[in-house]
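The values are calculated or read from the model by the stated rules, or taken from the named source; none is laboratory data. Quantities reported herein were computed from a predicted structural model and do not represent experimental measurements. Glycine also receives a Cβ, built like all others from the backbone with ideal geometry; neighbour counts cover every protein chain displayed. Accessible surface areas use protein heavy atoms only, side chains included; no ligands, DNA or RNA. Shrake-Rupley method; radii C 1.70, N 1.55, O 1.52, S 1.80 Å.
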Amino acid sequence: MIIPELNIIFSLITSFLITYVAIPKVIFFAEKLRLLDAAGDRASHEGSVPIFGGIAIFTGIIFSLLFWADIENIQYLLVSILIVFFVGVIDDLLELSPFKKLVGQVIATLIIIFLGDLKIDNMHGVLGIYDLPIWIGTLFTVFVVIVIMNGFNLIDGVDGLAGGIGVISSFSFGVIALLMGQSDMAIVAFTLMGALLGFLRYNIFPAKIFMGDTGSLVVGMILSILAINCIRYGLVTETIKLPNKGPLLAIVILAIPLFDSLRVFIARIMKGRHPLYPGREHIHHTLLSLGFGHNKTSFILYFFAISMIVFSYFLLDINLNIGIAILALISFILLYIPLYLLKGHSK
């Protein structure tokens, strides 16, 4: 029997190779069938680019998990991924209404909660809240998944950005799971990381393919599951006893999609606009407007994500609520600086 650590390595390599090899085929068929994303008013790219990179990502993830994971332990996770995959494919082909997409996301989440027995049942003292009643825990878990999935979808606006942030996040969740001896979650995390690395080869500017809603929903769903697992169990090893720091770790690992989406939603509400109204107020749009270009924008935000994760180490020993407040304050300040500079350039 292969030891868990080798399974994790093989799962990353397998998902990387399958995704890497599959993408040129997906590009070929997408161009042949004219399944392309044409540049528009809100687009950050020029010309028409295939949008079904999510199919290759999904294929790499599924086959890798079938090879290396203990299927009995993650069968309901696979079902949830499959549901959001089909929702994403249909949306990329036919443009589903937001309500229908939401229904698919909720169904996938309820399967994880009730069949996969994975939900947020304790807030560990965030805002003074600890144990959650079943129905509140269920509703809150659904809310968290929807926020993470859609937050990740919203940062998919610059070549290489969503894929790179996904790599950083999946690696971080994978390391935590590995330290805690959660081999199943570690395999899931590193499988996602491998698939995204294979995808990034073709998504760095100038992108040859986009992940589309198919990819962003699948990646967002897996990151949501990893985040919920982190929130629920914290970080507990033989030498580290931090069972109540899960919320802080999950938030910092997903800081860019969470805080940037929250910043934009607040700004739109203050202006009397619908918070889900499409626009170009996100941090990557601002950096592009400042002239940084796709690659520099992505690498700036990679650096931001990694820096916040490293900085969170110094927040682990202080009160959870204070730590989250400091994290939020620093994130909002850093996200606001480019907007401030852009306003200065516009005067």
* Find how much the distance from L139 to L127 grows on full extension, using 0.36 nm per residue of separation minus their present alpha carbon separation; answer in nm with one decimal. => 2.6 nm
* **Approximate spin-label separation S48-T237, in nm, with each point projected 7 Å along Cα-to-Cβ** => 5.1 nm
* To do: Compute the distance in nm between two label points, each set 7 Å from the Cα along the Cα-to-Cβ direction, one at K343 and one at I71.
  => 5.6 nm
* To do: Sort R201, R232 from largest to smallest accessible area, using a 1.4 Å probe on the heavy atoms of the protein chains.
  => R201, R232
* Structure fact -> Residue by residue through the range 177-188, the couplings from Karplus 6.51 cos²θ - 1.76 cosθ + 1.60 with θ = phi - 60°, in Hz, x for Gly and Pro, are 4, 5, 4, 8, x, 8, 5, 5, 5, 5, 4, 4
* Structure fact -> Checking A189, A162, A328 against a Gaussian network model of the chain (alpha-carbon springs below 10 Å), the top fluctuating residue turns out to be A328
* **Cα centroid separation - the range 298-347 against the range 60-117, whole Å** => 31 Å
* Let me know the shape class of the range 161-269, please: from the alpha-carbon gyration tensor, a ≥ b ≥ c as square roots of the eigenvalues, rounded when a/c is under 1.5, otherwise prolate if a/b is greater than b/c, or oblate. => oblate
* Asked: With the other protein chains left in place, how much accessible area per residue, in square angstrom, belongs to the range 1-156 at a 1.4 angstrom probe?
  -> 55 Å²
* Residues I330 and L290, FRET efficiency given R0 of 22 Å [Cβ-Cβ distance, rounded to 0.05] -> 0.60
* Asked: Residues in the range 178-197 near a label at K25, defined as backbone nitrogen under 20 Å from the 7 Å Cα→Cβ point?
  -> 192, 194-197
* Structure fact -> Amide H neighbours of V236 at under 5 Å, excluding residues fewer than 5 places away on the same chain, with H built from the backbone geometry, are L242
* When the Karplus curve 6.51 cos²θ - 1.76 cosθ + 1.60 is applied with θ = phi - 60°, which whole-Hz ³J(HN,Hα) does each residue of the range 78-94 get, with x for Gly and Pro? -> 4, 4, 5, 4, 4, 4, 5, 4, 5, 4, x, 4, 5, 5, 5, 7, 10
* Asked: On the accessible surface of the chain, probed at 1.4 Å, how many percent belong to carbon and sulfur atoms?
  -> 70 percent
* To do: Mind checking the per residue accessible area of the range 181-318 for me, 1.4 Å probe, whole number of Å²?
  => 39 Å²
* Report, by chain and number, residues whose modeled amide H sits under 5 Å from the one on D37, excluding near sequence neighbours (fewer than 5 apart, same chain). => V49, I51
* Structure fact -> Links exceeding 31 Å between C-alpha atoms in this model, out of K101/K271; K208/K245; K100/K296; K119/K271; K119/K241; K32/K101, come to K208/K245; K100/K296; K119/K271
